[in-house]
1. Just to be sure I understand the model, the point goes 7 Å from the Cα along the line to the Cβ. What's the resulting Asp208 to Ala263 distance in nm?
2. Under a GNM of the chain (C-alpha, springs under 10 Å), which listed residue has the highest mean-square fluctuation: Gly185, Gly114, Gly224?
3. Kindly provide the helix-only [θ] at 222 nm of the chain, computed as the sum of -39,500 (n - 2.57) over DSSP H runs of four or more divided by all residues, to the nearest 500 deg cm²/dmol?
4. Can you pull the percent of segment 54-158's accessible area that's carbon plus sulfur, 1.4 Å probe, other chains left in place?
5. What shape does segment 153-277 have by the C-alpha gyration tensor, where a ≥ b ≥ c are the square roots of the eigenvalues, rounded means a/c under 1.5, and otherwise prolate means a/b greater than b/c and oblate the rest?
6. Calculate, for the chain, the solvent-accessible area per residue in square angstrom, rolling a 1.4 angstrom probe over the heavy atoms of the protein chains.
7. Explain nothing, just the number: dipole magnitude of segment 54-158 about its Cα centre with +1 on each Lys and Arg Cβ and -1 on each Asp and Glu Cβ, in debye rounded to the nearest 20.
8. Would you kindly work out the equivalent ellipsoid of segment 234-347 from its C-alpha gyration tensor and give its semi-axes, the square roots of five times the eigenvalues, largest first in whole Å?
Amino acid sequence: MLRDHASKLAATVAAGAMLMAAAACGGSDTGTGTDTAAPAASGGSSAPAATGAKVGLAYDIGGRGDQSFNDAAAAGLEKAKTELKLAETKELEAKGGETGAQKEQRLRLLAQSGYNPVIAVGFAYSEAIKKVAAEFPDTKFAIVDDAAAGPNISNLVFAENEGSFLVGAAAAMKTKKEHIGFVGGVQVPLIKKFEIGFTKGAQSVKPDIKIDVKYLTQPPDFGGFNDPAKGKAAAQGMFDAGADIVYQAAGGSGGGVFEAAKAAKAFAIGVDSDQAKTADPGVQDVILTSMLKKVDVAVFDFLKSFADGTVKAGQTVYDLKAGGVDFSVTGGKVDDIKLDLDKYKDKIINGEIKVPSE
């Protein structure tokens, strides 16, 4: 038993050293990382002491600053830091072209170092989280956008098809050329849900509308989620061909779609976050609306359930009825059609319209 205890202690010390290296070296296999610990009260300060969890979070490609998916997860973590008084957080970022083993290593380092719970942002962690969660049965894990099963894994999943239906309807109502487009980051089942919902929504308004579709990369190349140049080229091709509105579900590549819309004096539709607020200020005015995917709410809800001792394994679905997806109104560009979009929303919620996902 003494030998086992010593081995576990050594592993924990080694993991801590590796996490410090990960934070210091942006090019490390574990990705970049940031530490945040609650500041200690000094002098006569009356700041409340941190009493909450020690949370580890592993981002998808693009990490903080992608103005979309990862930033939404970060927003949920930031809210939890304040409202749940988290004791400490550790954030690690993925990098393009990494292996499944590197994803495992990232999650394993967090668990070995005592972070509990551990959150994996993105379906790319599916296999890694199943393996690592089994190694740490006393640690709670959550994964966004995937149904990876395990007794200590919570799945935070969304009805992207429903939210995309609404912005597809908006595009069809707003197009002046009867021609719109969709740019997906990587052609995987998750992103197909965005495309299918968008297409069905547009066709519900105008059955004969022309819809161009382009994916930036095919798996196992996930670089399509972080290549603005490819996003710009794909959208520019659509605008040159006559489209006047393009919806992007392409992560960090979406910034390039916005740039193309600006250059073409056309419009684009954002995704995940309200990108008329989060995108570069120079392109915010071309964003017609955004499909809101409230990853921030899901992350916060999971952390609150951990704090309350009510975490459950399995899927929590954030759909229109649950308020997990929606369309944005920032900028006022859809104010004149909001009532029509709300009618579609109500029909989806009450089951009158069933939006396919595949």
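The values are calculated or read from the model by the stated rules, or taken from the named source; none is laboratory data. Because the structure is a prediction, the values reported are computed rather than measured. Here the Cβ positions follow ideal geometry from the backbone for every residue, glycine too, while neighbour counts run over all protein chains shown. Note: accessible area is taken over every heavy atom of the protein model, side chains too, but ligands, DNA and RNA are not part of it. Shrake-Rupley method; radii C 1.70, N 1.55, O 1.52, S 1.80 Å.
1. 3.3
2. Greatest mean-square fluctuation among the candidates belongs to Gly114.
3. So the helix-based figure for the chain works out to -13000 deg cm²/dmol.
4. 49
5. Taking the square roots of the gyration eigenvalues as a ≥ b ≥ c, segment 153-277 is oblate.
6. 43
7. The calculation lands at about 280 debye.
8. Taking √(5λ) for each Cα gyration eigenvalue gives 31, 17, 12 Å.
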